[in-house]
Amino acid sequence: MAYSIEDQVIALAGVFQAAALVNQVAKQGYAAESAYEASIKSLLIIDAPTTESVFGDRLGVQLGLRELIKALERGQGTPQPEIIRYALALLHLEAKLKKHPQMLEVIGKRIAQAIEQTRHFEATHSNVIKNLAGTYLDTISTFSLRIQVQGDPKHLQAQENADRIRALLLAGIRSAILWRQTGGRRYQLLFNRRKIVECAQRLAQ
(Lines give C-alpha, C1' and ligand atoms only; values in the text may rest on other atoms or scores of the structure.)
Protein backbone atom coordinates (compact mmCIF):
# COMPACT_ATOMS: atom_id res chain seq x y z
CA MET A 1 0.00 0.00 0.00
CA ALA A 2 1.33 3.44 -0.95
CA TYR A 3 1.42 6.08 1.78
CA SER A 4 1.61 9.83 1.38
CA ILE A 5 3.63 12.49 3.16
CA GLU A 6 0.37 13.38 4.93
CA ASP A 7 0.19 9.87 6.41
CA GLN A 8 3.76 10.15 7.66
CA VAL A 9 3.24 13.60 9.15
CA ILE A 10 0.02 12.59 10.95
CA ALA A 11 1.79 9.58 12.47
CA LEU A 12 4.82 11.69 13.45
CA ALA A 13 2.47 14.26 14.97
CA GLY A 14 1.07 11.41 17.07
CA VAL A 15 4.57 10.86 18.49
CA PHE A 16 5.01 14.55 19.30
CA GLN A 17 1.51 14.76 20.77
CA ALA A 18 2.22 11.90 23.17
CA ALA A 19 5.48 13.62 24.14
CA ALA A 20 3.70 16.95 24.71
CA LEU A 21 1.00 15.31 26.83
CA VAL A 22 3.61 13.52 28.94
CA ASN A 23 5.23 16.90 29.51
CA GLN A 24 1.89 18.43 30.53
CA VAL A 25 1.07 15.69 33.03
CA ALA A 26 4.58 15.77 34.49
CA LYS A 27 4.63 19.53 34.95
CA GLN A 28 0.97 20.42 35.52
CA GLY A 29 -0.69 17.23 36.71
CA TYR A 30 -3.22 17.20 33.86
CA ALA A 31 -3.33 16.98 30.08
CA ALA A 32 -5.37 18.64 27.34
CA GLU A 33 -8.51 16.49 27.40
CA SER A 34 -9.33 16.07 23.72
CA ALA A 35 -5.71 15.41 22.72
CA TYR A 36 -5.28 12.99 25.64
CA GLU A 37 -8.39 11.06 24.64
CA ALA A 38 -7.31 10.89 20.98
CA SER A 39 -3.84 9.62 21.89
CA ILE A 40 -5.13 6.95 24.27
CA LYS A 41 -7.79 5.81 21.81
CA SER A 42 -5.12 5.49 19.09
CA LEU A 43 -3.78 2.52 21.07
CA LEU A 44 -7.14 0.80 20.95
CA ILE A 45 -7.91 1.16 17.24
CA ILE A 46 -6.79 -1.88 15.25
CA ASP A 47 -6.83 -2.11 11.44
CA ALA A 48 -7.85 1.51 10.90
CA PRO A 49 -8.83 2.25 7.28
CA THR A 50 -6.63 5.38 7.15
CA THR A 51 -3.76 6.86 9.14
CA GLU A 52 -5.94 9.82 10.04
CA SER A 53 -8.68 7.59 11.48
CA VAL A 54 -6.26 6.15 14.06
CA PHE A 55 -6.69 9.49 15.85
CA GLY A 56 -10.36 9.91 14.97
CA ASP A 57 -9.47 12.54 12.38
CA ARG A 58 -6.78 15.16 11.89
CA LEU A 59 -8.32 17.24 14.68
CA GLY A 60 -7.15 14.48 17.00
CA VAL A 61 -3.49 15.38 16.42
CA GLN A 62 -3.64 19.17 16.31
CA LEU A 63 -1.50 19.47 19.44
CA GLY A 64 1.06 17.13 17.91
CA LEU A 65 1.10 19.03 14.62
CA ARG A 66 1.75 22.31 16.44
CA GLU A 67 4.58 20.80 18.47
CA LEU A 68 6.07 19.17 15.37
CA ILE A 69 6.08 22.52 13.56
CA LYS A 70 7.72 24.26 16.54
CA ALA A 71 10.36 21.55 16.75
CA LEU A 72 11.34 21.70 13.07
CA GLU A 73 10.60 25.27 11.97
CA ARG A 74 12.54 28.24 13.29
CA GLY A 75 10.40 31.21 14.21
CA GLN A 76 7.25 29.13 14.78
CA GLY A 77 7.29 29.33 18.57
CA THR A 78 9.80 28.12 21.10
CA PRO A 79 9.89 24.33 21.30
CA GLN A 80 10.17 22.79 24.74
CA PRO A 81 13.35 20.69 24.85
CA GLU A 82 11.67 17.99 26.94
CA ILE A 83 9.07 17.38 24.23
CA ILE A 84 11.72 16.99 21.53
CA ARG A 85 13.76 14.70 23.80
CA TYR A 86 10.76 12.49 24.58
CA ALA A 87 9.72 12.32 20.91
CA LEU A 88 13.19 11.32 19.70
CA ALA A 89 13.49 8.76 22.50
CA LEU A 90 10.15 7.23 21.47
CA LEU A 91 11.39 6.87 17.88
CA HIS A 92 14.56 5.23 19.17
CA LEU A 93 12.66 2.84 21.44
CA GLU A 94 10.37 1.81 18.58
CA ALA A 95 13.45 0.96 16.50
CA LYS A 96 14.62 -1.31 19.32
CA LEU A 97 11.16 -2.81 19.81
CA LYS A 98 10.83 -3.97 16.20
CA LYS A 99 13.80 -6.30 16.85
CA HIS A 100 11.85 -8.03 19.65
CA PRO A 101 8.86 -9.78 18.04
CA GLN A 102 7.99 -11.67 21.23
CA MET A 103 7.67 -8.41 23.13
CA LEU A 104 5.50 -7.01 20.34
CA GLU A 105 3.29 -10.05 20.68
CA VAL A 106 2.93 -9.50 24.43
CA ILE A 107 2.06 -5.85 23.86
CA GLY A 108 -0.54 -6.86 21.28
CA LYS A 109 -2.19 -9.28 23.69
CA ARG A 110 -2.22 -6.76 26.51
CA ILE A 111 -3.74 -4.09 24.28
CA ALA A 112 -6.41 -6.61 23.24
CA GLN A 113 -7.24 -6.95 26.95
CA ALA A 114 -7.52 -3.16 27.22
CA ILE A 115 -9.85 -3.13 24.23
CA GLU A 116 -12.04 -5.67 26.04
CA GLN A 117 -12.09 -3.35 29.05
CA THR A 118 -13.58 -0.58 26.94
CA ARG A 119 -16.76 -2.64 26.70
CA HIS A 120 -17.31 -1.63 30.31
CA PHE A 121 -15.25 1.55 30.75
CA GLU A 122 -14.35 4.65 28.77
CA ALA A 123 -10.97 4.53 27.04
CA THR A 124 -9.54 7.05 29.51
CA HIS A 125 -10.99 5.34 32.61
CA SER A 126 -8.38 4.72 35.30
CA ASN A 127 -8.78 0.93 34.97
CA VAL A 128 -7.91 1.01 31.26
CA ILE A 129 -5.07 3.48 31.80
CA LYS A 130 -3.61 1.30 34.57
CA ASN A 131 -3.66 -1.71 32.22
CA LEU A 132 -1.89 0.24 29.46
CA ALA A 133 0.62 1.67 31.95
CA GLY A 134 1.35 -1.84 33.20
CA THR A 135 1.91 -2.99 29.64
CA TYR A 136 4.52 -0.27 29.13
CA LEU A 137 6.14 -1.03 32.49
CA ASP A 138 6.40 -4.77 31.76
CA THR A 139 7.77 -4.38 28.24
CA ILE A 140 9.24 -1.13 26.89
CA SER A 141 10.61 0.04 30.22
CA THR A 142 12.77 -3.11 30.46
CA PHE A 143 15.07 -1.76 27.73
CA SER A 144 18.36 -0.28 28.91
CA LEU A 145 17.33 3.06 27.42
CA ARG A 146 14.56 4.51 29.52
CA ILE A 147 12.79 7.81 29.10
CA GLN A 148 13.52 9.95 32.13
CA VAL A 149 10.48 12.18 32.57
CA GLN A 150 11.11 15.53 34.22
CA GLY A 151 8.48 17.55 36.03
CA ASP A 152 7.01 18.58 39.36
CA PRO A 153 7.71 15.83 41.95
CA LYS A 154 4.25 16.21 43.48
CA HIS A 155 2.70 15.34 40.10
CA LEU A 156 5.19 12.63 39.21
CA GLN A 157 4.72 10.86 42.54
CA ALA A 158 0.95 10.58 42.13
CA GLN A 159 0.16 7.04 40.94
CA GLU A 160 -2.63 8.21 38.64
CA ASN A 161 -0.24 10.57 36.86
CA ALA A 162 2.46 7.89 36.64
CA ASP A 163 -0.10 5.62 34.95
CA ARG A 164 -1.13 8.37 32.53
CA ILE A 165 2.49 9.06 31.60
CA ARG A 166 3.26 5.40 30.92
CA ALA A 167 0.06 4.95 28.90
CA LEU A 168 0.95 8.03 26.84
CA LEU A 169 4.47 6.74 26.23
CA LEU A 170 2.93 3.52 24.94
CA ALA A 171 0.70 5.62 22.67
CA GLY A 172 3.81 7.41 21.45
CA ILE A 173 5.41 4.06 20.59
CA ARG A 174 2.25 3.09 18.68
CA SER A 175 2.50 6.31 16.66
CA ALA A 176 6.20 5.66 16.03
CA ILE A 177 5.31 2.20 14.69
CA LEU A 178 2.69 3.82 12.47
CA TRP A 179 5.24 6.37 11.26
CA ARG A 180 7.64 3.60 10.24
CA GLN A 181 4.82 1.63 8.58
CA THR A 182 3.93 4.67 6.46
CA GLY A 183 7.54 5.03 5.30
CA GLY A 184 8.83 7.44 7.93
CA ARG A 185 12.55 7.30 8.73
CA ARG A 186 14.60 9.33 11.21
CA TYR A 187 16.92 10.75 8.54
CA GLN A 188 13.88 12.49 7.03
CA LEU A 189 13.71 14.78 10.06
CA LEU A 190 16.95 16.30 8.81
CA PHE A 191 16.78 15.99 5.04
CA ASN A 192 13.02 16.42 4.52
CA ARG A 193 12.45 18.95 7.28
CA ARG A 194 10.96 21.63 5.00
CA LYS A 195 8.54 19.21 3.34
CA ILE A 196 7.40 17.86 6.74
CA VAL A 197 6.83 21.36 8.12
CA GLU A 198 4.89 22.50 5.06
CA CYS A 199 2.65 19.42 5.24
CA ALA A 200 2.10 19.87 9.00
CA GLN A 201 1.14 23.49 8.43
CA ARG A 202 -1.44 22.45 5.83
CA LEU A 203 -2.91 19.87 8.23
CA ALA A 204 -2.94 22.17 11.26
CA GLN A 205 -6.23 24.03 11.74
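The values are calculated or read from the model by the stated rules, or taken from the named source; none is laboratory data. Small disclaimer: the values here were computed from a predicted structure and weren't measured. We place every Cβ from the backbone using ideal geometry, glycine too, and count neighbours over all the protein chains shown.
If you go through the stretch 116-148 and pick out every residue that is polar (S, T, N, Q) and either at pLDDT below 95 or not in a helix (DSSP H, G or I) (or both), you end up with 5. The selection criterion, being free of Cβ contacts under 8 Å to residues at least 40 places away in the same chain and within 20 Å of residue 155 (Cβ to Cβ), holds for residue 35.
Restricting 102, 113, 117 to residues that are over 16 Å from the mean Cα position of the chain (by Cα) and farther than 18 Å from residue 44 by Cα narrows the list to 102.
Can we say residue 123 is surrounded by fewer than 18 Cβ atoms within 10 Å (Cβ to Cβ), under 20 Å from residue 36 (Cα atoms) and touching a helix residue (DSSP H, G or I) at 6+ places or on another chain (Cβ under 6 Å)? Criteria not met by residue 123. Would you mind stating whether residue 124 is in contact (Cβ under 8 Å) with a residue 24 or more places away in the chain, over 18 Å from residue 18 (Cα atoms) and hydroxyl-bearing (Ser, Thr, Tyr)? No, not satisfied. All told, residue 15 falls short of being closer than 18 Å to residue 149 by Cα and in contact with a His (Cβ under 8 Å, 6 or more places away or on another chain).
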